[in-house]
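What follows draws every value from the coordinates through simple rules; no lab data is involved. These numbers come from a predicted model, not from an experiment. Neighbour counts run over all protein chains shown; Cβ positions are idealised from the backbone, glycine included.
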Amino acid sequence: METNFLMLGDARMHYRTVGEGRPVVLAHGFLESSEMWADFLKTAPEGFQYILPDLPGHGASDVWDHKHTMDMMAGLVERILSHLNITEPVQWIGHSMGGYVGLAFAELFADKTASLCLFHSQAHADSDQKKRDRLRAVEALRAGKEKFIHESIQNLFAPYNRERLAEEINHAANMADLMPTEGIIAALLGMRERPDRREVLESAPFSMTIVGKDDPVIPSEREIETYSGSSTALRVVEQCGHMGHLEQPSEIHQLLADFLNH
């Protein structure tokens, strides 16, 4: 796996690449980094070039602004693809926030999008209540970063999986704690502003949404109602919350492989 930095002005964007073939962007979620894909890559299908960005303020990428909109992050990923001389349309798999960025990318660069997989993500905009919750999260983060991160990550898992995966939860929290507070806040404010992009998902050449049946963040009933019978392929994972790559890794890895080979 190659690790690189793209410099734009005084800020840098970190990304990894692995493999050769058709291009695939693997975009991590909030409080994550490109390292979240490590286990998937051990068994990922061959014949693909995987591009793994660290989104701004996450992993080894710098904080770019006081607010990181999904459009801005999508534009930075497009700069990476241009830097790599990738002209073929990409397949995009986005976990949570990475799916929001993927939707922005598909809207801004439709001719560069071959397919889009929302992996525990959603095309709906934040509700008014969720927007208020984002601002409360900013205040909680400023009051105590470590406590905020641990509680936030734990609450992404289905309740019945939290004890079983306590070690994985602690590791994810420790990794997120290395991220700058300003970058975490910038992502919260950016997610709060994203528009409804259900039409973008439906208009993609091929789209899939992977839903955790017991996702504490994204209501599975709404997602099932939205996409049943639609042009977007719907896959529901049982005994799973928002972190399927840790809660049900074998099934998730197979679903992602099926998406790439559709």
*Please order Phe148, Phe109 by the number of other Cβ within 10 Å, starting at the fewest.*
Phe109, Phe148
*Which entries in the list Lys131/Lys213; Lys112/Lys213; Lys42/Lys145; Lys42/Lys67; Lys67/Lys145; Lys130/Lys213 go over 25 Å, if you measure between the two C-alpha atoms of each?*
Lys112/Lys213; Lys42/Lys145; Lys42/Lys67
*Charge tally in the Cβ shell below 11 Å around Asn161, where Lys, Arg are +1 and Asp, Glu are -1, Asn161 excluded*: -2
*asked:* Only helices at least 18 Å long along their own axis, judged from Cα atoms, and with Kyte-Doolittle mean hydropathy of 0.0 or greater: name those in the chain from DSSP H.
replied: 70-83, 181-193
*asked:* Pairs of alpha-carbon atoms within less than 8 angstrom and 6+ residues apart define the contacts here; what relative contact order does the stretch 1-94 have, in percent?
replied: 34
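With an 8 Å cut-off on Cα pairs and a minimum separation of 6 or more residues, tell me the relative contact order of the stretch 2-260 in percent.
Rounded, it is 21 percent for the stretch 2-260.
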*Between Arg164 and Ala38, how many nm apart are label points set 7 Å from Cα along the C-beta direction?*
2.2
*Give me the net charge of Asn170's neighbourhood, meaning all other residues with Cβ under 14 Å from the Cβ of Asn170; Lys, Arg count +1, Asp, Glu -1.*
-3
_With a cut-off of 8 Å between alpha carbons and a minimum separation of six or more residues, what is the relative contact order of the stretch 146-262 in percent?_
29
*Taking only DSSP H segments of four or more residues, each worth -39500 (n - 2.57), what value at 222 nm results for the chain once the sum is divided by all its residues, to the nearest 500 deg cm²/dmol?*
-12500 deg cm²/dmol
*Using alpha carbon coordinates only, what is the Rg to Rh ratio of the chain, with Rh defined as the Kirkwood radius?*
0.93
*In Å, what Rg and Dmax follow from the Cα atoms of the stretch 40-158?*
16.0, 47
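Could you work out the local net charge near Val63, counting Lys and Arg as +1, Asp and Glu as -1, over the other residues with Cβ closer than 14 Å to its Cβ?
Residues near Val63 contribute -3 overall.
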*Peptides 133-145, 242-254, 90-102, 154-166 ordered by average Cβ neighbours within 10 Å, highest first*: 90-102, 242-254, 154-166, 133-145
